[in-house]
Amino acid sequence: MTQTPTSIHNQQEPLKTSPIKTRRKGDRSIFNPAIVRRATLDSFKKLDPRWQVKNPVMFVVEIGSVITTIEFIRLLFTTPSGTFTRDQLTAETFFVLAVAIWLWFTVLFANFAEAMAEGRGKAQADTLRRTRKTTIAKRLKGRERSASYEEVQAPDLRKGNYVLVEAGDIIPGDGDVIEGVASIDESAITGESAPVVRESGGDRSAVTGGTRVLSDWIIVQISANPGETFLDRMIALVEGAKRQKTPNEIALNILLASLTIIFVLVCVSLEPFAIYSGMAVSVTTLIALLVCLIPTTIGGLLSAIGIAGMDRMVQRNVLAMSGRAVEAAGDVDVLLLDKTGTITLGNRMASRLVPLAGIDERDLARAALLSSLADETPEGRSIVKLAQERYGLSEEGITGATFLPFSAQTRMSGVDLNNSHGVTTHAIRKGAGDAVKAYVQEHGGISSAELDDVVDSIARAGSTPLVVAETWGTKTRLLGVIELKDIVKSGMRERFDQLRTMGIRTVMITGDNALTAAAIAKEAGVDDFLAQATPETKLKLIREQQVGGRMVAMTGDGTNDAPALAQADVGVAMNTGTQAAKEAANMVDLDSNPTKLIEVVEVGKQLLITRGALTTFSIANDVAKYFAIIPAAFAVTYPQLNALNIMGLATPHSAVLSAVIFNAIIIIVLVPLPLRGVKFRPIGAGPLLRRNLLIYGLGGIVIPFIGIKLIDLILVALHLTL
């Protein structure tokens, strides 16, 4: 076969060409009725203190809810006195009841946000469970198809077993094809209805349990025990059963817990001051003050942000092995992108033939045709098509031909034409320029400066040159060059410009020579390139970038990519790749689309932006609550504090109640934000910071003033001020 080092991927199935739009699996309305019903029920289940203690902020709110509820019950059994009339007792009782109810709502709304995020994952997990079928497997006694087999239940299979899967059968477990080739329906896993081809050897041998063989047959070596399959891991991950908090999430939790402890101490110390001044503050007011001081908004939504981030990956058919991987994607500043299939369309086509001086162009075309007849790669087929359509040549009348497939060692392919006695009389070779030149010189031919000029000019134009030579008897000569043109996907330059604006550096990885790589890199607009790449040079490049403090992301599908995938901060393996690649990576793309890496980074950045925006809003919106509750709690003791009541709230009780109600309602209002994520914009860190400070910082200050005042006006209109 005809291949250069960069055409390895061209044996694979056609890849998606759109770098921007990607089908999203399981994309559903945020407030799907079934998910809402499940989330509502789960919100009450999560009131269990053993669950709430995992979130220090909401745990404090729940303790406050319990205390105010107890206080309400105590007031029910309190009798009026001379200093505490019946009307005052009634007003205080209703005030405490209202505060207790809204504090419980605060906890429930936070639980609902988390349950909604989990519910979307659980719905996808339920869908995956329905695809799991208990099937009968044909377990072979040996590796060969001719070996006898026994029929067993799929759960009885173990790692290392061999199974025969024929047309119409469901593949009983994850494994690798060791013999045969078959068309397989993987829609149960990927959602993609088009069948794919799986065959033994190479990087397209992995199969997934639960998929169906449509034609032919394969022998599969099982690679996972029951409960450890890819489908099992997908279910556990999307429903959050194995979700671990990321380092940034843990750090933010520690900050929120520290702020909560500080405000608890502040509120506890305020009561002695109030008592000393002769006017004690009720425990209900102090709890309301505490709840409004601590960052309940981000405390209630933080978990939902992380869960929803993984869910958005799943919607794009990318399975993240952990939340840490999603978060790391947001911190990536170097992208290693394979040229073939990611930056270019991947199927290089023969565009022209360039004969050397003294060589007839039809002779070159005839030699190119003969050497490509057995080449089933897109390049080989395009050479045959070019020779037939442009030069009117035919493959008829060819006998006694021995075709030589492409070899990574020789970097050539070709054909030997034999006479009736089986002796080779005419040999044709085509391949990389230096390899064919070496072949010519070994057989007594001479090189050509003209050839070097043609090869260099084609390489500088971003195309791939294939040199053709022939041997007649003892005479060997160079014929010319075939130009294979690789087309850069539309929109890639603009996409890379956006990534550069975000501070992300792009590096193109290719097996092409440096001249070809430089031309394509310039056309595509990448920042750098690695030519004539090998697994070792990829690994070296990643380590060099990481030593410089950069976060690196890359894609891969072969066993030889596994070391680099494991070393990268974000390694995205193709689902069609080998088991070794999938195990080394921390993400798996079910669509096997290398371009998806750019979307993975965008989703990761969206997660970080969403968390930062909501943290900013949460801290900013506490400002208005200070102006509401502090005057209400201490204005009687310190009349000067009335100057802080800039909202003109009706009564101390309505001020406290308005702040508590707003504190609860804002959580439920903001639920769509962590679920959908803040809209991602490809802008730099500086403009992004200014934008978020304006929207979520200034907005976080202004909105609570408006909201608390509106709630106070509603309470006055309903005569609920006490």
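The values are calculated or read from the model by the stated rules, or taken from the named source; none is laboratory data. Predicted model, so just to flag it, every value in this text is computed and none were measured. Cβ sites come from the backbone with ideal geometry, for glycine too, and all protein chains shown count toward neighbours. These accessible areas exclude ligands, DNA and RNA; they are computed on the full protein's heavy atoms, side chains included. Shrake-Rupley method; radii C 1.70, N 1.55, O 1.52, S 1.80 Å.
Odds and ends about this structure:
- Of the residues examined, residue 407 is not one that is under 30 Å from residue 594 (Cβ atoms), open to solvent by less than 10 Å² (accessible area, probe 1.4 Å) and of a type in the set (Ser, Thr, Tyr).
- Residue in segment 452-467 that is open to solvent by 70 Å² or more (accessible area, probe 1.4 Å), at pLDDT 85 or above and either more than 40 Å from the chain's Cα centre (by Cα) or over 14 Å from residue 521 (Cα atoms) (or both) present: yes
- Selection status of residue 568, within 30 Å of residue 685 (Cβ to Cβ), open to solvent by less than 40 Å² (accessible area, probe 1.4 Å) and out of contact with any Leu (no Cβ under 6 Å at 6 or more places or on another chain): yes
- Any hit, segment 548-565, residues being in contact with a His (Cβ under 9 Å, 6 or more places away or on another chain) and either crowded, with 24+ Cβ neighbours inside 10 Å or in a strand (DSSP E or B) (or both): yes
- Screening segment 81-100 for residues that are surrounded by 19 or more Cβ atoms within 10 Å (Cβ to Cβ) and farther than 21 Å from residue 51 by Cα and picking the one that is nearest to the chain's Cα centre (by Cα) gives 99.
- Taken together, the criteria place residue 517 among residues that are farther than 22 Å from residue 599 by Cα and either buried (at least 22 other Cβ atoms within 10 Å of the Cβ) or in contact (Cβ under 8 Å) with a residue 12 or more places away in the chain (or both).
- Of residues in segment 520-534 being part of a loop (DSSP other than H, G, I, E, B), in contact with a Gly (Cβ under 9 Å, 6 or more places away or on another chain) and open to solvent by less than 40 Å² (accessible area, probe 1.4 Å), the one modelled with the highest pLDDT: 531
- All of 140, 103 fail the test of being open to solvent by less than 50 Å² (accessible area, probe 1.4 Å), under 39 Å from the mean Cα position of the chain (by Cα) and either charged (D, E, K, R) or within 20 Å of residue 660 (Cα to Cα) (or both), apart from 103.
- Neighbours by Cβ (under 6 Å, 6+ apart or cross-chain): first from segment 610-632, touching a residue at least 60 places away in the same chain (Cβ under 8 Å) and part of a helix (DSSP H, G or I); second open to solvent by less than 10 Å² (accessible area, probe 1.4 Å) and of a type in the set (Ser, Thr, Tyr): 618/297
- Residues satisfying the stated conditions in segment 475-502, i.e. modelled with pLDDT of 85 or more and at positive phi: 480
- Residue list for segment 280-316, filter: among the polar types (S, T, N, Q), over 30 Å from residue 92 (Cβ atoms) and surrounded by 24 or more Cβ atoms within 10 Å (Cβ to Cβ): 303
- Scan of segment 606-632 for residues that are crowded, with 16+ Cβ neighbours inside 10 Å and among the aromatic types (Phe, Trp, Tyr), ordered by number: 617, 627
- Filter result (open to solvent by 60 Å² or more (accessible area, probe 1.4 Å) and either over 36 Å from the mean Cα position of the chain (by Cα) or touching a residue at least 12 places away in the same chain (Cβ under 8 Å) (or both)) within segment 52-69: 63, 66, 67
- Extreme residue, surrounded by the fewest Cβ atoms within 10 Å (Cβ to Cβ), among residues of segment 687-722 that are closer than 30 Å to residue 307 by Cβ and of a type in the set (Gly, Ala, Ser): 699
- Within segment 251-346, helices (runs of 4 or more DSSP H) holding 3 or more residues that are under 23 Å from residue 624 (Cα atoms): 283-293, 296-315
- Odd one out for residue 581 among (1) closer than 16 Å to residue 321 by Cα; (2) of a type in the set (A, V, I, L, M); (3) at pLDDT 85 or above: (3)
- Taken together, the residues in segment 566-589 that are within 24 Å of residue 187 (Cα to Cα), under 17 Å from the mean Cα position of the chain (by Cα), free of Cβ contacts under 8 Å to residues at least 24 places away in the same chain and in a helix (DSSP H, G or I) amount to 1.
- When residues of segment 328-338 are limited to those that are over 11 Å from residue 600 (Cβ atoms) and modelled with pLDDT of 85 or more, the one surrounded by the most Cβ atoms within 10 Å (Cβ to Cβ): 336
- Within segment 187-223, being polar (S, T, N, Q) and at pLDDT 80 or above holds for 208, 211, 215, 221, 223.
Let's see how each residue does on (1) more than 19 Å from residue 361 (Cα to Cα); (2) of a type in the set (Gly, Ala, Ser):
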position	(1), (2)
402	yes, no
405	yes, no
411	yes, no
420	yes, yes
428	no, no
433	no, yes
437	yes, no
444	yes, yes
458	no, no
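- Count - residues of segment 70-80 that are open to solvent by less than 60 Å² (accessible area, probe 1.4 Å) and either over 14 Å from residue 94 (Cβ atoms) or hydrophobic (A, V, I, L, M, F, W, C) (or both): 3
- Given (1) open to solvent by less than 20 Å² (accessible area, probe 1.4 Å); (2) out of contact with any helix residue (DSSP H, G or I) (no Cβ under 8 Å at 6 or more places or on another chain); (3) among the acidic types (Asp, Glu), number of the condition residue 602 does not satisfy: (1)
- Matching residues in segment 633-658 - criterion: being out of contact with any Ser or Thr (no Cβ under 7 Å at 6 or more places or on another chain), more than 13 Å from residue 721 (Cα to Cα) and open to solvent by less than 30 Å² (accessible area, probe 1.4 Å): 634, 635, 647
- Filter pass, residue 266 being closer than 21 Å to residue 60 by Cβ and not basic (Lys, Arg): yes
- Subset of segment 138-188 [in a loop (DSSP other than H, G, I, E, B) and small (Gly, Ala, Ser)]: 142, 146, 147, 148, 160, 167, 168, 173
- Screening 508, 492 for residues that are touching a residue at least 60 places away in the same chain (Cβ under 8 Å), among the hydrophobic types (A, V, I, L, M, F, W, C), surrounded by 14 or more Cβ atoms within 10 Å (Cβ to Cβ) and in contact with a Gly (Cβ under 8 Å, 6 or more places away or on another chain) leaves exactly one candidate, 492.
- Criterion: closer than 20 Å to residue 483 by Cα, over 45 Å from the mean Cα position of the chain (by Cα) and modelled with pLDDT of 85 or more - qualifying residue of 433, 445, 392, 414: 392
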